[in-house]
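Heads up, the thing below is written out as structure tokens.
The values are calculated or read from the model by the stated rules, or taken from the named source; none is laboratory data. In this text the structure is predicted, and so the values were computed from the model without any measurement. Here Cβ is always computed from backbone atoms with ideal geometry, including for glycine, and neighbour counts include all displayed protein chains. When the accessible area is computed, the model is the full protein with side chains, heavy atoms only, and any ligands, DNA or RNA have been set aside. Shrake-Rupley method; radii C 1.70, N 1.55, O 1.52, S 1.80 Å.
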Amino acid sequence: MQDEEAILDDEFEGQSSLLVEHTFDTGADAEFSRRGVITISSMKSNMAHFAQESSLGMEEKSKLKALIRKGGMYRIRVPTKVGTTDENMPYVSTFMRACALYESRLSDVLTLNVDQSGNILSISATTYIPYCTGATVSDAAISNFNTSVEIIETASGPVPDTQSYMQKLEQEKVEKEKGAQADNRSFFAKYWMYIVPVFFLLILSNNMDSGQEGRGQ
């Protein structure tokens with residue numbers, strides 16, 4: 001087991017890249033475009049950085065502002081495996097309020113949750129401002145992303161010992177069955193020591209009543 005873990009550590013500790021896509025559109029058929037690439041140097045050591053491919057153009061800035069007016073959400077997605085160029089690869093996605101991204105001047109934190117095999121389980125995005133205030137930001141301030149990347153490895157939880165638990169239940173069942181079969185005597189055989197004295201008391205009581213009736217006559 002330790003050898004397998006060491007192999008996995010070596011496999012996913014090399015430098016790899018992860019494409020980040022985003023959209024300023026709404027709806028299920030929103031079109032995503034390339035935002036940049038996350039370069040991962042070490043998942044175990046949480047070493048990764050984001051590089052933007054190109055500055056936002058006027059069209060993208062206008063879409064962002066239009067999304068803010070709608071109270072919409074800015075969405076991001078990444079493939080579930082690093083280093084892949086397969087377009088059919090499933091994605092994990094997240095979103096944030098468009099106004100938060102705008103007012104933070106495109107400063108955000110992307111957090112990747114990965115399993116021990118290096119697969120991307122989820123992604124979350126946050127900004128440095130807690131809420132939107134309606135502030136106006138210049139176009140020059142929303143040209144380039146200032147993005148930090150965090151990697152969180154999800155550790156496997158303890159596996160329940162189902163086999164031992166089932167064996168314990170089976171043992172308890174057998175013991176109960178043995179207990180039920182240990183004393184299969186009849187009711188009288190079990191409790192004769194209580195029944196016989198009562199029986200004799202009834203006989204004596206009847207005899208005494210009969211004697212008293214005879215003397216009374």
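Screening Leu67 with (1) touching a Cys at 6+ places or on another chain (Cβ under 9 Å); (2) in a loop (DSSP other than H, G, I, E, B) gives one miss only, at (2).
Within region 28-48, track down each residue that is farther than 14 Å from Val82 by Cβ and open to solvent by 40 Å² or more (accessible area, probe 1.4 Å). If the condition is that a residue be farther than 14 Å from Val82 by Cβ and open to solvent by 40 Å² or more (accessible area, probe 1.4 Å), then Ala28, Asp29, Glu31, Phe32, Ser33, Arg34, Ser45, Asn46 are the ones that fit.
Filtered by the rule that a residue be touching a residue at least 60 places away in the same chain (Cβ under 8 Å), open to solvent by 50 Å² or more (accessible area, probe 1.4 Å) and either closer than 21 Å to Thr133 by Cβ or touching a Ser or Thr at 6+ places or on another chain (Cβ under 9 Å) (or both), region 53-82 gives a lone residue, Ser55. When Ile129 is tested against the conditions (1) surrounded by 15 or more Cβ atoms within 10 Å (Cβ to Cβ); (2) within 14 Å of Ile38 (Cα to Cα), the lone failure is (2). Look at (1) under 30 Å from Gln116 (Cα atoms); (2) at pLDDT 95 or above; (3) surrounded by fewer than 19 Cβ atoms within 10 Å (Cβ to Cβ) and you find that Thr23 fails only one, number (3).
The set of residues in region 43-75 that are touching a strand residue (DSSP E or B) at 6+ places or on another chain (Cβ under 8 Å), closer than 24 Å to Gln116 by Cβ and not basic (Lys, Arg) comprises Met43, Asn46, Met47, Ala48, His49, Phe50.
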